[in-house]
1. Select from the range 267-286 the residues that are part of a helix (DSSP H, G or I) and of a type in the set (A, V, I, L, M) and list them in ascending order.
2. Taking Leu218, is it touching a helix residue (DSSP H, G or I) at 6+ places or on another chain (Cβ under 6 Å), surrounded by 13 or more Cβ atoms within 10 Å (Cβ to Cβ), over 18 Å from Asp107 (Cα atoms) and at pLDDT 75 or above?
3. With respect to Lys210, determine if the residue is surrounded by fewer than 16 Cβ atoms within 10 Å (Cβ to Cβ), part of a helix (DSSP H, G or I) and at pLDDT 85 or above.
4. Across the range 146-171, which residue is modelled with the highest pLDDT among those that are among the small types (Gly, Ala, Ser) and either in contact with a His (Cβ under 8 Å, 6 or more places away or on another chain) or surrounded by fewer than 16 Cβ atoms within 10 Å (Cβ to Cβ) (or both)?
5. Would you point out the residue of the range 258-285, among those that are buried (at least 19 other Cβ atoms within 10 Å of the Cβ) and touching a Pro at 6+ places or on another chain (Cβ under 9 Å), that is modelled with the lowest pLDDT?
6. Mind listing whichever residues of the range 172-200 are part of a loop (DSSP other than H, G, I, E, B) and surrounded by 15 or more Cβ atoms within 10 Å (Cβ to Cβ)?
Amino acid sequence: MEDQSRGMMHPTSQTGMLMPQHYGMGGGSVDPGQGTTTPDNEGRKQDINTILEQIMNITDQSLDEAQARKHTLNCHRMKPALFSVLCEIKEKTVLSLRNTQEEEPPDPQLMRLDNMLIAEGVAGPEKGGGAGAAANASAAAGAGDNAIEHSDYRAKLGQIRQIYHQELEKYEQACNEFTTHVMNLLREQSRTRPITPKEIERMVQIIHKKFSSIQMQLKQSTCEAVMILRSRFLDARKRRRNFSKQAVELLNDYFYTHLANPYPSEEAKEELARVCDITVQQVCSRGPAAPVGGAELYK
């Protein structure tokens, strides 16, 4: 009888299957004073190690093997019980999503970049448009002898605009493809473990936030390219005569050190006016932090 009872308590020794053993059911125990390991605990360690080894080997399986195992799991009669247990565990351990569903305010830096791209004709309602804005901007800077330079400016600006929209399209495509892949993966996993639609929506928000850094880098580099182009081709000399040589140098130094944020704050305008010995209105007439000569574009 004793041998039979031991056999019932250790089903793994007879069937070779990995079945959980409950604490207190085995014949052995751990002596708190000695800290020795009994056969029951040793068997549990072996079972856990075997399970961990099987989990680690999942990545080495072929696609067919993985699909077969997934089909076996979905058809297993104990799958509803497993799902129920996972739901209970999640209810006890999952963090509340109530405070994470609040919409985050728009990034002010991204808004400034968008405003500048629209003002320069690079971005706007018409994708790839802005040629009229560029033409008006060039015409405002002068005419006659500078016509060739202005034509070259429009051509260069068109190249920047084309590259910007090409890269923006690639960004949007990559973001949509990755988001779709993650959503499909989570929906597939929701058949085995509890995943709510709100959690999927939250994951999509996280993905978009990660991708937004790429979008900001693209827009910032485009703005820098436009401002450098402006400094080269739209240097109206009549504006130079309104400022001293020292003021021109200080204003241009400020421009080249603030390419990422070309719109000076009110405090920066006052400081520029003080060090350049000009009025705040003269600083404002230049619009964003453009080199002297490009102010007419923003009048």
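The values are calculated or read from the model by the stated rules, or taken from the named source; none is laboratory data. Here the structure is a predicted model, which is why all the values come from computation and not from measurement. Virtual Cβ from ideal backbone geometry, glycine too; neighbours counted across all protein chains shown.
1. Step one: of the range 267-286, the residues part of a helix (DSSP H, G or I) are 267-276, 280-285.
If the condition is that a residue be part of a helix (DSSP H, G or I) and of a type in the set (A, V, I, L, M), then Ala268, Leu272, Ala273, Val275, Val280, Val283 are the ones that fit.
2. no
3. yes
4. The first filter runs over the range 146-171 and keeps only residues among the small types (Gly, Ala, Ser), leaving 147, 151, 155, 158.
Checking which are either in contact with a His (Cβ under 8 Å, 6 or more places away or on another chain) or surrounded by fewer than 16 Cβ atoms within 10 Å (Cβ to Cβ) (or both) leaves us with 147, 151, 155.
Details: Ala147: 57, Ser151: 78, Ala155: 86.
Taking the candidates together, the pick is Ala155.
5. This residue is Pro262.
6. As a first pass, look at the range 172-200 and keep what is part of a loop (DSSP other than H, G, I, E, B): 190-196.
Selection gives Ser190, Pro194, Ile195.
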